[in-house]
């Protein structure tokens, strides 16, 4: 499968980067600067063969074997950060956005929140419980997950909260929702996995209520750590990371899709960060 530029959805001149690995070719568009995997696996392979839970564990095992000291230090750092912060950044950002939605008074029957690439659904469960406890607002959690096993397990969790998990690729899963029915969509470490990111964002734009929000977190290809670590950079995952965004290419994709970039902190634009965060609105 030879792929078009996901930013323009057309054939554009590309050059191969030094970050290709084996059969997987990572290329950069010479016109837009968009970096992407030119020959990604088929969706059918992502359901099982390259399912997230498998590739994540394989990559973690590889790093523990090849760089045991660094892997240990990274795990300790993450554990300490979680303990000190009490909540992950995604939960804090969602809380702020939902607080704004409540203040804007656009809620009729609680909040409809969709997590695309929801994995185990733990994030949705934690956020839903926290918002109900802190603000007294009921959250209807909806997940979209391509991994058959994860979707089954997550659906059992979300049904108990009045939600559900859709086993589907992102485009079809989002399209199955009613138009203008969603308050908030989360893409937390997902768009880098999506072969058709523009199509997904366009679908989300149609499903959001007017003024609805989208929270996006992706690896920052423009970070200094990528230059330093090269192929060992944490943002590279073969073959399930198929898009490599910078703050500029992510902004362009958001605005081309019909959404509006609402917030991207100055801090998040810096090359000192391994990730880029953005909030968009309909």
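Quick notes on this one:
- Flag for residue 219 being more than 15 Å from the chain's Cα centre (by Cα) and part of a strand (DSSP E or B): no
- Selection count where residues are in contact (Cβ under 8 Å) with a residue 40 or more places away in the chain, buried (at least 17 other Cβ atoms within 10 Å of the Cβ) and farther than 15 Å from residue 245 by Cα, scope segment 18-40: 2
- Strands (runs of 3 or more DSSP E) (entirely within segment 97-189) containing at least 2 residues that are more than 20 Å from residue 202 (Cβ to Cβ): 139-145, 164-167
- Unique residue being more than 23 Å from residue 35 (Cα to Cα) and buried (at least 24 other Cβ atoms within 10 Å of the Cβ) when the list is 145, 160, 156, 175: 145
- Test: residue in segment 30-44 that is farther than 22 Å from residue 226 by Cβ, in a loop (DSSP other than H, G, I, E, B) and at pLDDT 95 or above: no
- Yes/no for residue 2 being assigned to a loop (DSSP other than H, G, I, E, B), loosely packed, with under 12 Cβ neighbours inside 10 Å and at pLDDT below 90: yes
- Any hit, segment 60-83, residues being at pLDDT 80 or above, in a helix (DSSP H, G or I) and touching a helix residue (DSSP H, G or I) at 6+ places or on another chain (Cβ under 9 Å): no
- Screening residue 267 with (1) within 18 Å of the chain's Cα centre (by Cα); (2) within 30 Å of residue 182 (Cα to Cα) gives one miss only, at (1).
- Test: residue in segment 257-269 that is more than 17 Å from residue 188 (Cα to Cα), modelled with pLDDT of 95 or more and part of a helix (DSSP H, G or I): no
- Lone qualifier among 244, 213 - being assigned to a strand (DSSP E or B), over 24 Å from residue 183 (Cα atoms), at pLDDT 95 or above and touching a helix residue (DSSP H, G or I) at 6+ places or on another chain (Cβ under 9 Å): 244
- Counting the residues of segment 270-282 that are under 21 Å from residue 213 (Cβ atoms) and at pLDDT below 95 gives 1.
- The lone exception for residue 236 - which of (1) in contact with a helix residue (DSSP H, G or I) (Cβ under 6 Å, 6 or more places away or on another chain); (2) in contact (Cβ under 8 Å) with a residue 60 or more places away in the chain it fails: (1)
- Residue in segment 225-236 that is buried (at least 18 other Cβ atoms within 10 Å of the Cβ) and in a strand (DSSP E or B) present: no
The values are calculated or read from the model by the stated rules, or taken from the named source; none is laboratory data. This is a predicted model, so every value here is computed, not measured. As a convention, Cβ positions derive from the backbone with ideal geometry for all residues, glycine included, and neighbour counts pool all protein chains shown.
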